[in-house]
Amino acid sequence: MEIRILRGDIAQVATDGAVVNLFEGVTQPGGATGAADAALGGAISQLIASGEIKGKLNEVTIIHSLGRIPPRRMLVVGLGKREEFTLDRVRQVSATAAKALRHAGAKSITTIVHGGGIGGLEPGTAAQALVEGTVLGLYTFRRHMTKEADFGEVESLTIVERDVDKTPILERACTRGKIVAEATNLCRNMVNEPANYMTPTLMAEKAREVADAHGLELRVLERQEMQELGMGGLLGVAQGSREPPKLIILSHRGDPSSDRNLGLVGKGITFDSGGISIKPSERMEEMKGDMAGGAAVIVAMAAIAQLKLKMNVTGLVPTTENLPDGAAYKPGDVLRAMSGKTIEVISTDAEGRLILADALAYARKLGVSHLVDAATLTGACSIALGPVCTGAFTNNQELLQKVLEAAEAAGEKTWQMPMHEEYRELIKSDVADIKNVGGRAGGAITAAMFLAEFAEDTPWVHLDIAPTSFQDKDTAYAPKGATGVPVGTFVNLAQALASK
Ligand code: BES
Ligand code: MN
Ligand code: ZN
(Lines give C-alpha, C1' and ligand atoms only; values in the text may rest on other atoms or scores of the structure.)
(Ligands and ions follow the chains in the order given, each with its own letter.)
Protein backbone atom coordinates (compact mmCIF):
# COMPACT_ATOMS: atom_id res chain seq x y z
CA MET A 1 0.00 0.00 0.00
CA GLU A 2 1.28 3.40 -0.96
CA ILE A 3 1.04 6.06 1.75
CA ARG A 4 1.26 9.80 1.19
CA ILE A 5 0.54 13.11 2.84
CA LEU A 6 -1.53 15.73 1.10
CA ARG A 7 -2.16 19.29 2.13
CA GLY A 8 -5.73 20.37 1.61
CA ASP A 9 -9.38 19.79 2.33
CA ILE A 10 -10.67 16.21 2.56
CA ALA A 11 -14.00 17.05 0.91
CA GLN A 12 -12.14 18.18 -2.22
CA VAL A 13 -9.94 15.12 -2.84
CA ALA A 14 -10.81 12.65 -5.61
CA THR A 15 -10.80 9.31 -3.78
CA ASP A 16 -12.88 6.12 -3.46
CA GLY A 17 -13.41 6.75 0.22
CA ALA A 18 -12.78 9.74 2.47
CA VAL A 19 -12.72 9.21 6.24
CA VAL A 20 -13.77 11.76 8.86
CA ASN A 21 -14.73 11.14 12.47
CA LEU A 22 -17.06 12.02 15.30
CA PHE A 23 -16.86 11.80 19.09
CA GLU A 24 -19.92 10.36 20.82
CA GLY A 25 -22.46 13.01 21.75
CA VAL A 26 -21.21 15.74 19.40
CA THR A 27 -24.21 17.25 17.58
CA GLN A 28 -22.46 19.95 15.56
CA PRO A 29 -19.31 18.52 13.96
CA GLY A 30 -16.37 20.92 13.71
CA GLY A 31 -12.96 20.79 12.02
CA ALA A 32 -12.60 18.54 8.98
CA THR A 33 -15.82 16.66 9.77
CA GLY A 34 -17.65 20.00 9.87
CA ALA A 35 -16.14 20.96 6.51
CA ALA A 36 -17.19 17.59 5.05
CA ASP A 37 -20.69 18.10 6.45
CA ALA A 38 -20.93 21.53 4.79
CA ALA A 39 -19.69 20.15 1.47
CA LEU A 40 -22.37 17.43 1.68
CA GLY A 41 -25.09 20.01 2.32
CA GLY A 42 -25.48 19.09 5.98
CA ALA A 43 -25.89 15.33 5.42
CA ILE A 44 -23.71 14.40 8.40
CA SER A 45 -25.45 16.71 10.88
CA GLN A 46 -28.84 15.48 9.64
CA LEU A 47 -27.82 11.87 10.26
CA ILE A 48 -26.63 12.87 13.72
CA ALA A 49 -29.95 14.60 14.38
CA SER A 50 -31.92 11.56 13.23
CA GLY A 51 -29.85 9.32 15.53
CA GLU A 52 -28.23 7.24 12.78
CA ILE A 53 -24.77 8.59 13.58
CA LYS A 54 -24.01 8.44 17.31
CA GLY A 55 -20.23 8.55 17.28
CA LYS A 56 -19.94 5.27 19.21
CA LEU A 57 -16.50 3.67 19.06
CA ASN A 58 -15.94 1.88 15.73
CA GLU A 59 -19.39 2.83 14.40
CA VAL A 60 -19.20 3.36 10.62
CA THR A 61 -21.58 5.26 8.37
CA ILE A 62 -20.94 5.50 4.65
CA ILE A 63 -22.52 8.41 2.77
CA HIS A 64 -22.38 8.15 -1.01
CA SER A 65 -21.67 11.54 -2.56
CA LEU A 66 -23.16 10.64 -5.96
CA GLY A 67 -20.96 13.16 -7.74
CA ARG A 68 -21.71 16.17 -5.54
CA ILE A 69 -18.14 16.29 -4.19
CA PRO A 70 -14.88 14.65 -5.42
CA PRO A 71 -14.80 11.77 -2.85
CA ARG A 72 -17.11 8.96 -4.01
CA ARG A 73 -17.93 8.05 -0.44
CA MET A 74 -17.64 9.85 2.86
CA LEU A 75 -17.19 7.52 5.81
CA VAL A 76 -17.85 8.82 9.31
CA VAL A 77 -16.19 6.70 11.97
CA GLY A 78 -17.18 6.93 15.64
CA LEU A 79 -14.40 7.71 18.12
CA GLY A 80 -16.42 6.89 21.24
CA LYS A 81 -16.39 9.09 24.34
CA ARG A 82 -13.84 11.89 24.20
CA GLU A 83 -12.66 11.29 27.78
CA GLU A 84 -11.99 7.62 26.99
CA PHE A 85 -10.00 8.35 23.85
CA THR A 86 -6.57 6.69 23.55
CA LEU A 87 -3.85 6.17 20.99
CA ASP A 88 -4.94 2.55 20.65
CA ARG A 89 -8.42 3.73 19.65
CA VAL A 90 -6.77 5.57 16.75
CA ARG A 91 -5.45 2.21 15.55
CA GLN A 92 -8.86 0.63 16.06
CA VAL A 93 -10.95 3.20 14.21
CA SER A 94 -8.42 3.47 11.37
CA ALA A 95 -8.59 -0.29 10.88
CA THR A 96 -12.38 -0.34 11.11
CA ALA A 97 -12.76 2.43 8.52
CA ALA A 98 -10.24 0.85 6.14
CA LYS A 99 -11.92 -2.57 6.32
CA ALA A 100 -15.38 -1.06 5.72
CA LEU A 101 -14.13 0.84 2.67
CA ARG A 102 -12.32 -2.20 1.29
CA HIS A 103 -15.57 -4.15 1.70
CA ALA A 104 -17.34 -1.41 -0.31
CA GLY A 105 -14.77 -1.81 -3.11
CA ALA A 106 -12.53 1.20 -2.43
CA LYS A 107 -9.00 1.06 -3.84
CA SER A 108 -7.97 4.50 -2.62
CA ILE A 109 -8.61 5.77 0.90
CA THR A 110 -8.13 9.33 2.07
CA THR A 111 -8.34 10.23 5.72
CA ILE A 112 -7.82 12.92 8.28
CA VAL A 113 -5.64 12.14 11.32
CA HIS A 114 -7.89 10.91 14.11
CA GLY A 115 -7.14 12.21 17.58
CA GLY A 116 -5.26 15.40 16.73
CA GLY A 117 -7.32 18.54 17.36
CA ILE A 118 -9.92 17.96 20.06
CA GLY A 119 -8.63 14.39 20.60
CA GLY A 120 -5.58 16.00 22.21
CA LEU A 121 -2.92 13.62 20.83
CA GLU A 122 0.40 14.69 19.31
CA PRO A 123 -0.10 14.83 15.52
CA GLY A 124 2.94 12.63 14.82
CA THR A 125 1.98 9.97 17.37
CA ALA A 126 -1.61 9.94 16.11
CA ALA A 127 -0.54 9.72 12.45
CA GLN A 128 1.75 6.80 13.21
CA ALA A 129 -1.09 4.96 14.94
CA LEU A 130 -3.37 5.76 12.01
CA VAL A 131 -0.95 4.16 9.56
CA GLU A 132 -0.37 1.20 11.87
CA GLY A 133 -4.10 0.60 12.32
CA THR A 134 -4.74 0.78 8.60
CA VAL A 135 -1.88 -1.50 7.53
CA LEU A 136 -2.50 -3.99 10.37
CA GLY A 137 -6.28 -3.90 9.94
CA LEU A 138 -6.16 -4.79 6.26
CA TYR A 139 -3.99 -7.87 6.93
CA THR A 140 -5.22 -11.19 5.58
CA PHE A 141 -3.54 -14.59 5.26
CA ARG A 142 -4.77 -16.27 2.09
CA ARG A 143 -1.57 -17.81 0.72
CA HIS A 144 -2.93 -21.31 0.75
CA MET A 145 -6.41 -20.52 -0.58
CA THR A 146 -6.96 -21.18 -4.24
CA LYS A 147 -10.18 -19.15 -4.35
CA GLU A 148 -9.84 -15.41 -4.70
CA ALA A 149 -11.04 -13.09 -1.96
CA ASP A 150 -14.43 -11.41 -2.52
CA PHE A 151 -12.84 -8.02 -1.80
CA GLY A 152 -10.07 -6.18 -3.59
CA GLU A 153 -6.92 -4.66 -2.23
CA VAL A 154 -6.59 -1.10 -0.99
CA GLU A 155 -3.80 0.42 -3.05
CA SER A 156 -3.29 3.80 -1.46
CA LEU A 157 -3.77 5.69 1.80
CA THR A 158 -3.65 9.48 1.64
CA ILE A 159 -3.51 11.50 4.83
CA VAL A 160 -4.94 14.97 4.44
CA GLU A 161 -3.80 17.78 6.69
CA ARG A 162 -4.72 21.44 6.38
CA ASP A 163 -1.76 22.76 8.36
CA VAL A 164 1.36 22.79 6.14
CA ASP A 165 3.69 23.09 9.18
CA LYS A 166 2.77 19.58 10.25
CA THR A 167 3.85 17.91 7.00
CA PRO A 168 7.43 16.94 8.02
CA ILE A 169 6.23 15.49 11.33
CA LEU A 170 3.55 13.50 9.53
CA GLU A 171 6.00 12.23 6.89
CA ARG A 172 8.31 10.84 9.57
CA ALA A 173 5.42 9.34 11.53
CA CYS A 174 4.04 7.61 8.43
CA THR A 175 7.36 6.09 7.49
CA ARG A 176 7.77 4.74 11.01
CA GLY A 177 4.21 3.46 11.18
CA LYS A 178 4.52 1.73 7.82
CA ILE A 179 7.83 0.05 8.72
CA VAL A 180 6.57 -1.26 12.08
CA ALA A 181 3.16 -2.38 10.80
CA GLU A 182 4.58 -4.11 7.73
CA ALA A 183 7.13 -5.88 9.94
CA THR A 184 4.27 -6.97 12.22
CA ASN A 185 2.33 -8.30 9.23
CA LEU A 186 5.40 -10.21 8.07
CA CYS A 187 5.63 -11.72 11.55
CA ARG A 188 1.96 -12.71 11.29
CA ASN A 189 2.68 -14.40 7.96
CA MET A 190 5.53 -16.43 9.42
CA VAL A 191 3.46 -17.47 12.44
CA ASN A 192 0.34 -18.32 10.42
CA GLU A 193 2.40 -20.36 7.97
CA PRO A 194 1.86 -24.10 8.48
CA ALA A 195 4.82 -25.96 9.99
CA ASN A 196 5.52 -27.74 6.69
CA TYR A 197 6.15 -24.31 5.17
CA MET A 198 8.06 -22.92 8.14
CA THR A 199 10.73 -25.41 9.15
CA PRO A 200 13.91 -24.29 10.95
CA THR A 201 15.67 -24.27 7.57
CA LEU A 202 12.96 -22.11 5.99
CA MET A 203 13.03 -19.82 9.01
CA ALA A 204 16.77 -19.33 8.50
CA GLU A 205 16.06 -18.60 4.82
CA LYS A 206 13.56 -15.93 5.84
CA ALA A 207 16.24 -14.43 8.07
CA ARG A 208 18.58 -14.46 5.07
CA GLU A 209 16.02 -12.57 2.95
CA VAL A 210 15.52 -10.00 5.68
CA ALA A 211 19.29 -9.62 6.23
CA ASP A 212 19.97 -9.15 2.51
CA ALA A 213 17.10 -6.71 2.04
CA HIS A 214 18.04 -4.45 4.95
CA GLY A 215 21.78 -4.82 5.40
CA LEU A 216 21.90 -6.93 8.56
CA GLU A 217 24.74 -9.29 9.36
CA LEU A 218 23.59 -12.91 9.49
CA ARG A 219 25.15 -16.03 10.94
CA VAL A 220 23.43 -19.37 11.17
CA LEU A 221 24.95 -21.93 13.50
CA GLU A 222 24.51 -25.53 12.37
CA ARG A 223 24.38 -28.70 14.46
CA GLN A 224 28.14 -29.20 14.24
CA GLU A 225 28.88 -25.80 15.79
CA MET A 226 26.21 -26.32 18.43
CA GLN A 227 27.99 -29.53 19.40
CA GLU A 228 31.31 -27.71 19.65
CA LEU A 229 29.68 -25.06 21.84
CA GLY A 230 28.04 -27.68 24.04
CA MET A 231 24.47 -26.53 23.40
CA GLY A 232 22.86 -29.53 25.04
CA GLY A 233 19.47 -27.86 25.45
CA LEU A 234 18.89 -27.02 21.81
CA LEU A 235 20.48 -30.27 20.63
CA GLY A 236 18.45 -32.30 23.09
CA VAL A 237 15.15 -30.93 21.83
CA ALA A 238 16.26 -31.33 18.20
CA GLN A 239 17.06 -35.03 18.65
CA GLY A 240 13.52 -36.17 17.84
CA SER A 241 13.20 -34.30 14.54
CA ARG A 242 14.53 -35.00 11.07
CA GLU A 243 14.79 -31.28 10.39
CA PRO A 244 18.18 -29.88 11.34
CA PRO A 245 18.15 -27.25 14.12
CA LYS A 246 19.52 -23.76 13.49
CA LEU A 247 20.65 -20.91 15.66
CA ILE A 248 19.94 -17.74 13.69
CA ILE A 249 21.94 -14.64 14.65
CA LEU A 250 21.20 -11.26 13.08
CA SER A 251 23.09 -8.14 13.96
CA HIS A 252 22.55 -4.44 13.47
CA ARG A 253 25.55 -2.27 14.33
CA GLY A 254 23.79 1.03 14.70
CA ASP A 255 26.26 2.52 17.19
CA PRO A 256 29.69 0.97 16.55
CA SER A 257 31.55 3.18 19.02
CA SER A 258 29.36 2.02 21.92
CA ASP A 259 29.59 -1.27 23.80
CA ARG A 260 25.89 -1.22 24.57
CA ASN A 261 24.21 -4.05 22.73
CA LEU A 262 20.59 -5.14 23.05
CA GLY A 263 20.10 -8.88 22.64
CA LEU A 264 16.66 -9.94 21.41
CA VAL A 265 16.05 -13.66 21.77
CA GLY A 266 13.00 -15.47 20.33
CA LYS A 267 11.76 -19.02 20.79
CA GLY A 268 11.69 -20.73 17.39
CA ILE A 269 9.91 -24.05 17.84
CA THR A 270 8.42 -24.46 14.36
CA PHE A 271 6.16 -27.22 15.62
CA ASP A 272 5.62 -28.35 19.20
CA SER A 273 4.03 -31.79 19.47
CA GLY A 274 5.28 -32.00 23.04
CA GLY A 275 7.77 -34.70 22.01
CA ILE A 276 7.65 -37.95 24.03
CA SER A 277 5.49 -36.07 26.59
CA ILE A 278 3.09 -35.70 23.69
CA LYS A 279 0.29 -33.16 23.74
CA PRO A 280 -3.39 -34.05 23.32
CA SER A 281 -4.31 -33.82 19.63
CA GLU A 282 -7.10 -31.28 20.16
CA ARG A 283 -5.83 -27.88 18.94
CA MET A 284 -2.34 -29.23 18.44
CA GLU A 285 -2.35 -27.51 15.03
CA GLU A 286 -1.93 -24.21 16.87
CA MET A 287 1.55 -25.34 17.84
CA LYS A 288 2.71 -24.32 14.34
CA GLY A 289 2.81 -20.90 15.98
CA ASP A 290 5.36 -21.87 18.63
CA MET A 291 8.01 -19.88 16.76
CA ALA A 292 6.19 -16.56 17.21
CA GLY A 293 8.90 -15.12 19.46
CA GLY A 294 11.55 -16.03 16.91
CA ALA A 295 9.57 -14.54 14.02
CA ALA A 296 9.10 -11.33 16.02
CA VAL A 297 12.87 -11.10 16.56
CA ILE A 298 13.64 -11.55 12.85
CA VAL A 299 11.17 -8.92 11.64
CA ALA A 300 11.97 -6.50 14.47
CA MET A 301 15.61 -6.64 13.35
CA ALA A 302 14.43 -5.74 9.85
CA ALA A 303 12.46 -2.76 11.17
CA ILE A 304 15.35 -1.63 13.40
CA ALA A 305 17.69 -1.69 10.39
CA GLN A 306 15.21 0.22 8.21
CA LEU A 307 14.81 2.85 10.92
CA LYS A 308 18.62 3.08 11.15
CA LEU A 309 18.41 3.16 14.94
CA LYS A 310 21.64 4.28 16.67
CA MET A 311 21.82 1.18 18.82
CA ASN A 312 23.61 -2.12 18.50
CA VAL A 313 21.03 -4.88 18.42
CA THR A 314 21.62 -8.61 18.11
CA GLY A 315 18.74 -10.96 17.34
CA LEU A 316 19.06 -14.64 18.25
CA VAL A 317 16.60 -17.35 17.28
CA PRO A 318 17.17 -20.95 18.35
CA THR A 319 14.93 -23.01 16.09
CA THR A 320 13.97 -26.67 15.88
CA GLU A 321 10.91 -28.90 15.82
CA ASN A 322 9.86 -30.76 18.96
CA LEU A 323 8.80 -34.23 17.81
CA PRO A 324 8.81 -37.75 19.21
CA ASP A 325 10.81 -40.43 17.44
CA GLY A 326 13.24 -43.22 18.31
CA ALA A 327 16.06 -40.74 18.79
CA ALA A 328 14.02 -38.22 20.75
CA TYR A 329 15.08 -37.00 24.19
CA LYS A 330 13.06 -38.47 27.03
CA PRO A 331 11.64 -37.55 30.41
CA GLY A 332 14.35 -38.28 32.98
CA ASP A 333 17.21 -37.47 30.59
CA VAL A 334 19.80 -35.04 31.89
CA LEU A 335 21.04 -32.39 29.46
CA ARG A 336 24.11 -30.20 29.87
CA ALA A 337 23.46 -26.65 28.68
CA MET A 338 26.11 -24.44 27.11
CA SER A 339 26.58 -22.53 30.36
CA GLY A 340 27.60 -25.80 32.02
CA LYS A 341 24.43 -26.20 34.10
CA THR A 342 22.82 -29.63 34.04
CA ILE A 343 19.08 -30.00 33.53
CA GLU A 344 16.81 -32.88 34.40
CA VAL A 345 14.06 -33.22 31.81
CA ILE A 346 10.76 -33.78 33.57
CA SER A 347 8.65 -33.09 30.50
CA THR A 348 9.85 -32.96 26.90
CA ASP A 349 6.97 -30.52 26.38
CA ALA A 350 8.82 -27.89 28.41
CA GLU A 351 11.19 -27.54 25.46
CA GLY A 352 11.13 -23.78 24.93
CA ARG A 353 13.14 -23.03 28.07
CA LEU A 354 15.74 -25.63 27.02
CA ILE A 355 16.49 -24.02 23.67
CA LEU A 356 16.33 -20.53 25.20
CA ALA A 357 18.84 -21.54 27.88
CA ASP A 358 21.48 -22.00 25.20
CA ALA A 359 20.47 -18.93 23.20
CA LEU A 360 20.64 -16.72 26.31
CA ALA A 361 24.06 -18.14 27.17
CA TYR A 362 25.27 -17.59 23.62
CA ALA A 363 23.96 -14.00 23.63
CA ARG A 364 25.94 -13.38 26.81
CA LYS A 365 29.02 -14.89 25.19
CA LEU A 366 28.56 -12.39 22.34
CA GLY A 367 28.65 -9.64 24.97
CA VAL A 368 25.13 -8.21 24.98
CA SER A 369 24.47 -5.59 27.66
CA HIS A 370 20.69 -6.04 27.81
CA LEU A 371 18.60 -9.12 27.08
CA VAL A 372 14.93 -9.39 26.17
CA ASP A 373 13.41 -12.69 25.14
CA ALA A 374 9.98 -13.46 23.75
CA ALA A 375 8.53 -16.95 23.85
CA THR A 376 5.23 -18.76 23.59
CA LEU A 377 6.44 -20.44 26.73
CA THR A 378 3.56 -21.57 28.93
CA GLY A 379 -0.14 -22.33 28.82
CA ALA A 380 0.01 -21.32 32.49
CA CYS A 381 0.64 -17.70 31.46
CA SER A 382 -2.63 -17.73 29.47
CA ILE A 383 -4.42 -19.15 32.49
CA ALA A 384 -2.98 -16.34 34.63
CA LEU A 385 -3.59 -13.41 32.29
CA GLY A 386 -6.26 -14.50 29.82
CA PRO A 387 -5.95 -13.66 26.12
CA VAL A 388 -5.17 -9.98 26.78
CA CYS A 389 -1.74 -9.44 28.28
CA THR A 390 1.76 -10.69 27.65
CA GLY A 391 3.45 -11.71 30.90
CA ALA A 392 6.69 -9.90 31.74
CA PHE A 393 9.39 -11.16 34.12
CA THR A 394 12.71 -9.59 35.01
CA ASN A 395 15.90 -9.53 37.05
CA ASN A 396 16.17 -5.77 36.47
CA GLN A 397 13.28 -3.45 37.25
CA GLU A 398 14.75 -0.54 35.30
CA LEU A 399 14.87 -2.47 32.04
CA LEU A 400 11.41 -3.87 32.70
CA GLN A 401 10.06 -0.33 33.06
CA LYS A 402 11.44 0.53 29.63
CA VAL A 403 9.92 -2.61 28.15
CA LEU A 404 6.51 -1.76 29.65
CA GLU A 405 6.65 1.75 28.18
CA ALA A 406 7.66 0.36 24.78
CA ALA A 407 4.78 -2.13 24.95
CA GLU A 408 2.26 0.51 25.97
CA ALA A 409 3.21 2.79 23.08
CA ALA A 410 2.90 -0.17 20.69
CA GLY A 411 -0.57 -1.09 21.95
CA GLU A 412 0.76 -4.48 23.10
CA LYS A 413 -0.64 -4.95 26.61
CA THR A 414 1.96 -6.35 28.98
CA TRP A 415 1.76 -7.13 32.70
CA GLN A 416 4.56 -7.79 35.17
CA MET A 417 4.59 -11.12 37.00
CA PRO A 418 6.49 -11.89 40.26
CA MET A 419 9.91 -13.57 40.49
CA HIS A 420 10.37 -14.08 44.25
CA GLU A 421 13.25 -16.38 45.20
CA GLU A 422 10.81 -18.81 46.87
CA TYR A 423 9.74 -19.94 43.40
CA ARG A 424 13.30 -21.13 42.75
CA GLU A 425 12.70 -24.05 45.15
CA LEU A 426 10.16 -25.49 42.75
CA ILE A 427 12.72 -26.20 40.02
CA LYS A 428 15.30 -27.93 42.26
CA SER A 429 16.19 -31.36 40.92
CA ASP A 430 17.21 -34.51 42.81
CA VAL A 431 19.65 -35.55 40.09
CA ALA A 432 20.82 -32.40 38.30
CA ASP A 433 21.37 -28.68 38.94
CA ILE A 434 17.83 -27.80 37.93
CA LYS A 435 14.74 -29.43 36.41
CA ASN A 436 12.71 -28.14 33.48
CA VAL A 437 9.26 -28.25 35.13
CA GLY A 438 8.22 -26.85 38.48
CA GLY A 439 4.71 -28.26 38.66
CA ARG A 440 1.36 -26.86 37.52
CA ALA A 441 1.03 -24.13 40.14
CA GLY A 442 2.80 -20.95 39.10
CA GLY A 443 3.89 -22.58 35.84
CA ALA A 444 4.61 -19.32 34.02
CA ILE A 445 6.75 -18.10 36.93
CA THR A 446 8.79 -21.26 37.38
CA ALA A 447 9.47 -21.21 33.61
CA ALA A 448 10.80 -17.67 34.01
CA MET A 449 12.85 -18.70 37.06
CA PHE A 450 14.41 -21.38 34.87
CA LEU A 451 15.38 -18.83 32.19
CA ALA A 452 16.76 -16.48 34.85
CA GLU A 453 19.41 -19.10 35.62
CA PHE A 454 20.79 -18.56 32.13
CA ALA A 455 20.39 -14.79 31.90
CA GLU A 456 22.58 -14.73 35.04
CA ASP A 457 23.63 -11.16 35.86
CA THR A 458 22.77 -9.55 32.52
CA PRO A 459 19.78 -7.19 32.80
CA TRP A 460 17.02 -9.29 31.32
CA VAL A 461 13.30 -9.27 30.62
CA HIS A 462 11.34 -12.33 29.59
CA LEU A 463 8.07 -11.90 27.70
CA ASP A 464 5.74 -14.89 27.81
CA ILE A 465 3.63 -14.31 24.70
CA ALA A 466 1.67 -17.56 24.89
CA PRO A 467 -1.48 -15.54 25.81
CA THR A 468 -1.12 -12.93 23.06
CA SER A 469 0.70 -14.29 20.01
CA PHE A 470 -2.32 -16.08 18.61
CA GLN A 471 -5.99 -15.15 18.97
CA ASP A 472 -9.26 -17.06 18.57
CA LYS A 473 -11.36 -14.12 17.37
CA ASP A 474 -10.96 -11.12 15.07
CA THR A 475 -10.15 -7.87 16.83
CA ALA A 476 -10.19 -4.37 15.31
CA TYR A 477 -6.72 -4.54 13.80
CA ALA A 478 -5.84 -8.23 13.89
CA PRO A 479 -7.82 -11.06 12.35
CA LYS A 480 -8.10 -14.45 14.06
CA GLY A 481 -4.69 -16.16 14.14
CA ALA A 482 -1.26 -14.63 14.61
CA THR A 483 -1.16 -11.12 16.10
CA GLY A 484 2.49 -10.16 15.49
CA VAL A 485 3.09 -9.43 19.18
CA PRO A 486 5.68 -8.23 20.39
CA VAL A 487 7.23 -6.68 17.26
CA GLY A 488 6.16 -3.15 18.22
CA THR A 489 7.52 -3.57 21.74
CA PHE A 490 10.91 -4.70 20.43
CA VAL A 491 11.21 -1.81 17.96
CA ASN A 492 10.10 0.81 20.49
CA LEU A 493 12.52 -0.57 23.07
CA ALA A 494 15.47 -0.43 20.66
CA GLN A 495 14.45 3.12 19.85
CA ALA A 496 14.24 4.07 23.53
CA LEU A 497 17.71 2.64 24.21
CA ALA A 498 19.25 4.25 21.11
CA SER A 499 21.57 7.26 21.30
CA LYS A 500 19.72 10.35 20.17
N1 BES B 1 4.51 -24.04 23.42
C2 BES B 1 3.99 -24.48 24.67
C3 BES B 1 3.20 -23.38 25.41
C4 BES B 1 1.93 -22.93 24.75
C5 BES B 1 0.73 -23.53 25.05
C6 BES B 1 1.94 -21.87 23.87
C7 BES B 1 -0.44 -23.10 24.46
C8 BES B 1 0.77 -21.43 23.28
C9 BES B 1 -0.41 -22.04 23.58
C10 BES B 1 5.13 -24.93 25.58
O11 BES B 1 6.20 -25.51 24.94
C12 BES B 1 4.56 -25.96 26.47
O13 BES B 1 4.20 -26.99 25.99
N14 BES B 1 4.50 -25.65 27.77
C15 BES B 1 3.97 -26.54 28.71
C16 BES B 1 4.90 -26.53 29.89
C17 BES B 1 4.65 -27.63 30.89
C18 BES B 1 4.99 -28.97 30.29
C19 BES B 1 5.49 -27.36 32.11
C20 BES B 1 2.58 -26.07 29.11
O21 BES B 1 2.35 -24.85 29.14
O22 BES B 1 1.73 -26.91 29.33
MN1 MN C 1 5.96 -27.57 24.65
ZN1 ZN D 1 6.52 -24.95 23.02
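The values are calculated or read from the model by the stated rules, or taken from the named source; none is laboratory data. These numbers come from a predicted model, not from an experiment. Cβ atoms come from the backbone with ideal geometry, glycine included; neighbour counts cover every protein chain shown. Surface areas here come from the heavy atoms of the whole protein model, side chains and all, with no ligands, DNA or RNA. Shrake-Rupley method; radii C 1.70, N 1.55, O 1.52, S 1.80 Å.
Here the chain has 50 percent of its accessible surface on carbon and sulfur atoms, given a 1.4 Å probe and all protein chains in place.
Ranking Leu400, Pro70, Ala100 by Cα position along the charge dipole of the chain, where only Lys, Arg, Asp and Glu carry charges on their C-beta atoms, puts Pro70 farthest toward the positive end. The angle separating the long axis of helix 200-214 from the principal Cα axis of greatest extent in the chain is about 50 degrees. For the peptides 381-392, 188-199, the ranking by packing is 188-199, 381-392, with the highest mean count of neighbouring Cβ atoms within 10 Å listed first. Between rounded, prolate and oblate, where does the stretch 360-432 land on the alpha carbon gyration tensor, with a ≥ b ≥ c its root eigenvalues, rounded for a/c under 1.5, else prolate if a/b exceeds b/c? It comes out oblate by the Cα gyration axes. As I understand it, the value is the acute angle between the Cα axis of helix 167-192 and the longest principal axis of the Cα atoms of the chain; what does it come to in degrees, rounded to 10? The angle comes out at about 50 degrees. Against the longest principal axis of the chain, how steep is helix 87-103, in degrees 0 to 90 to the nearest 10, with axes from Cα atoms? It is inclined by approximately 70 degrees. Remark: the chain carries a charge dipole of roughly 1000 debye about the Cα centre, counting +1 on each Lys and Arg Cβ and -1 on each Asp and Glu Cβ. The residues of the chain have, on average, 41 Å² of accessible surface per residue, using a 1.4 Å probe with all protein chains present.
Between the beta carbons of Ile62 and Ala14, assuming R0 = 25 Å, the FRET efficiency works out to 0.90 to the nearest 0.05.
A simple packing score, the average count of other Cβ atoms within 10 Å per residue, orders the peptides 301-307, 126-132 as 126-132, 301-307, with the highest score first.
With the simple spin-label model, which puts each label point 7 Å out from Cα in the Cβ direction, the Ser499 to Ala149 separation comes to 4.3 nm. Here the stretch 261-308 and the stretch 96-111 have alpha carbon centers that stand 32 Å from each other.
Going by average Cβ neighbours within 10 Å, how do the peptides 42-51, 65-74 rank, with the highest at the top?
Details: 42-51: 15.5, 65-74: 17.2.
With the highest mean Cβ count within 10 Å placed first, the list reads 65-74, 42-51.
Computed extension gain for Ala104 through Thr201, at 0.36 nm per residue and net of the alpha carbon distance, reaches 30.8 nm.
Given 0.36 nm per residue, what is the gain on full extension from Ser429 to Ala327 after removing their alpha carbon distance, in nm? Provide the component values of the computation, followed by the final result.
Working: separation 102, 0.36 × 102 = 36.72 nm, distance 2.40 nm.
Separation in residues times 0.36 nm, less the Cα-Cα distance, equals 34.3 nm.
The overall shape of the stretch 12-148, judged from the alpha-carbon gyration tensor, is oblate: a/c is not under 1.5, and a/b is no greater than b/c. Under the simplified labelling scheme, the Glu422-Glu217 pair shows an inter-label distance of 4.6 nm, with each label point 7 Å from Cα along Cα→Cβ.
Checking the a/c ratio against 1.5 first, then a/b against b/c, what shape does the Cα gyration tensor give for the stretch 181-499? If you can, show how the numbers build up before the last one.
Values: a/c = 1.25, a/b = 1.24, b/c = 1.01.
Rounded, because the longest to shortest axis ratio a/c is under 1.5.
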